[in-house]
1. Restrict the check to the stretch 3-24 and report whether at least one residue is of a type in the set (Val, Ile, Thr), modelled with pLDDT under 95 and under 21 Å from the mean Cα position of the chain (by Cα).
2. Could you tell me whether Thr22 is without any contact (Cβ under 8 Å) to a residue 24 or more places away in the chain and among the hydroxyl-bearing types (Ser, Thr, Tyr)?
3. Take the stretch 125-154 and flag every residue that is crowded, with 17+ Cβ neighbours inside 10 Å, farther than 21 Å from Ser46 by Cβ and in contact with a Cys (Cβ under 8 Å, 6 or more places away or on another chain).
4. Determine if the stretch 90-107 includes at least one residue that is in contact (Cβ under 8 Å) with a residue 40 or more places away in the chain, of a type in the set (Ser, Thr, Tyr) and assigned to a helix (DSSP H, G or I).
5. What number of residues within the stretch 24-59 are touching a Ser or Thr at 6+ places or on another chain (Cβ under 9 Å) and more than 29 Å from Glu198 (Cβ to Cβ)?
6. Consider Ser152 carefully, then state whether it is within 24 Å of Pro84 (Cα to Cα), in contact with a Leu (Cβ under 9 Å, 6 or more places away or on another chain), at pLDDT 80 or above and of a type outside the set (Val, Ile, Thr).
Amino acid sequence: MQRELGESYEALLSQIKTGSVTPEKVRDVTLIPLVGDVKLVIACDSNASIGEKKNDYYKNAYEEVAVSAMKVPLMEVLATGAVPVVVVDNLCMEMEGAGKRIISIMRRQLEEAGLSNVQLTGSTEDNMPTTQSGFGVTAIGLLQMQDCRIASTRRGDRVVCVGVPRSGIKNERYSEYDRDTAKISTVCRLAGLPYVHEILPVGSKGVRYEAGRRSGRRSTWRPPQARRRQCSARSVRTISESSKKIWISVCSRWDRSVE
């Protein structure tokens, strides 16, 4: 076994040196082949001028900002079926005060989602005074292709939108801790349901845009109220903590005992 891993590692190094490793961009994640059928999954997001500093355009508590900043890339990684291993937080602000608060909140979010084994690392800006908030978050995971959920929707599946749309850009006041606002645990719970196939976190451009990307064309699709009511009310209530929204495909018939 060790010999096989060693040979695979040497082959990977050779491919990297010759530039023959081809990363694959899927939605907002990048997949890089590693050893065998294992791929590295990377997702990033940035957050600027949102926080508590005097020159922030949108004033919001770091208890809110830290959650929204980390969950975007982490949810993208989780949605692929990957196991997250590292979250990197690059904070463009001082460690004392704001930095420590943000890091503490991020650690707590990982623990509450059952991801306390994920390594949290990063950097802060302690050489220059900062008057505006800014940071970037990168989530990295390992994906064994047999667990891959990308493009896993099957013929006959139902498409379900979990949760309600949220937009801080439009100055809509909401809390990341509200019951109908998605948490990282939402995707973790969805991934654990056997009748859920594909999971697609919806970005700020909305469900219609994501539907168009999924179908490969511009979409005029809107989720009708009647169709939403056809879904299991109990299932939707159970997983209705949604971030912007989460678009999932589920088999048309699922085992009710799972709910």
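1. The answer is no, given that none of the residues of the stretch 3-24 is of a type in the set (Val, Ile, Thr), modelled with pLDDT under 95 and under 21 Å from the mean Cα position of the chain (by Cα).
2. Against the criterion (without any contact (Cβ under 8 Å) to a residue 24 or more places away in the chain and among the hydroxyl-bearing types (Ser, Thr, Tyr)), Thr22 qualifies.
3. none
4. No.
5. 11
6. So Ser152 fails the test.
The values are calculated or read from the model by the stated rules, or taken from the named source; none is laboratory data. Since this is a predicted model, take the numbers as computed values, not measurements. Cβ atoms come from the backbone with ideal geometry, glycine included; neighbour counts cover every protein chain shown.
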